[in-house]
1. Taking a 28 Å limit on the Cα-Cα distance, which of the listed pairs Lys76/Lys119; Lys138/Lys171; Lys82/Lys119; Lys88/Lys151 fall beyond it?
2. Does the chain come out rounded, prolate or oblate by the C-alpha gyration tensor, with a ≥ b ≥ c the root eigenvalues, rounded set by a/c under 1.5 and, if not, prolate when a/b is larger than b/c and oblate if not?
3. Calculate the spin-label point distance for Asn4 paired with His116, positioning each point 7 Å from the Cα along the beta-carbon direction, and give it in nanometres.
4. By how many nm would the segment from Lys148 to Lys171 lengthen if fully extended, with 0.36 nm per residue of separation less the alpha-carbon distance?
5. Probe of 1.4 angstrom, ligands and nucleic acids ignored: what's the accessible area per residue over the chain, in square angstrom?
6. Can you return the aspartates and glutamates within cross-link range of Lys124? Criterion is Cα-Cα under 14 Å, with same-chain partners fewer than 8 residues away left out.
7. For the stretch 91-158, calculate the relative contact order in percent as a whole number, restricting contacts to Cα pairs under 8 Å that are 6 or more residues apart.
8. Roughly how many percent of the accessible protein surface of the stretch 38-108 is carbon and sulfur, given a 1.4 Å probe and a whole-percent answer?
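The values are calculated or read from the model by the stated rules, or taken from the named source; none is laboratory data. These figures come from a predicted structure and were not determined experimentally. Virtual Cβ from ideal backbone geometry, glycine too; neighbours counted across all protein chains shown. Please note that ligands, DNA and RNA were not included when accessible areas were found on the heavy atoms of the full protein model with its side chains. Shrake-Rupley method; radii C 1.70, N 1.55, O 1.52, S 1.80 Å.
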Amino acid sequence: MKLNLNLASRRYVNKFALQRGFWVLLCLLLVFIGWQVNTLLIDNQTLQQNQQRVQELKRQLQTLQGAPRKPLTEEKRKDLEKKYKRVKDLLDLDAFRWTALLDRMETLLPDGVSLHGFKPDYAKKSLAITGYARDLGKMRLFLDRLLKNEKFAQVYLKRHQRITVKDYAAKDREVISFSIQIEGVF
């Protein structure tokens, strides 16, 4: 085996391909630098806008903190008090649970007694109930149950009378019509 080695000869270098690769690499580098500069400019612009907005909000906060408050006029104060009272009354009325009251009435109501009218008086916190009882004993039993219930402050029998009504079979029956006032309901 014979090796030829000529140290005087130069190697062949493809200068054209080398220059083309150099220019492609340079173009890629310029595009990357341009993209980075563009991102930097956009970020800088956003930062400046945010700083201006922060300064504007600080000025607004200082004016609000340092602004003297106008005293309420008597008329405006009375108007606000009326609105407050009206809203408070509406919230109090809305907070009352009618279903709980009707459930309580159902448990207290004996057989032979039927209720046919509820009339609330929110200002006096009372409730007027009208109904019918088969006889005086049934009405007394209902009244006693109402008086024993701790959830009602006072129970008053306002009126009672014997009347004639028609039942489901269209027969005339004699019943006791009554009216009861319950205080401390609401």
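1. Details: Lys76/Lys119 35 Å; Lys138/Lys171 21 Å; Lys82/Lys119 26 Å; Lys88/Lys151 23 Å.
Check vs 28 Å cut-off fails for Lys76/Lys119.
2. Numbers: a/c = 7.16, a/b = 2.92, b/c = 2.45.
Judged from the Cα gyration tensor, the chain comes out prolate (a/c at least 1.5, a/b above b/c).
3. 13.3 nm
4. Details: separation 23, 0.36 × 23 = 8.28 nm, distance 3.51 nm.
Going from the current span to full extension adds 4.8 nm.
5. Values: 16320 Å² over 186 residues.
On a per-residue basis, the chain sits at 88 Å².
6. By straight Cα distance, Lys124 reaches Asp89, Asp92, Glu183.
7. Numbers: 54 pairs, mean separation 17.2, N = 68.
Here the relative contact order equals 25 percent.
8. Details: 3810 of 6870 Å².
Of the solvent-accessible surface of the stretch 38-108, carbon and sulfur hold 55 percent.
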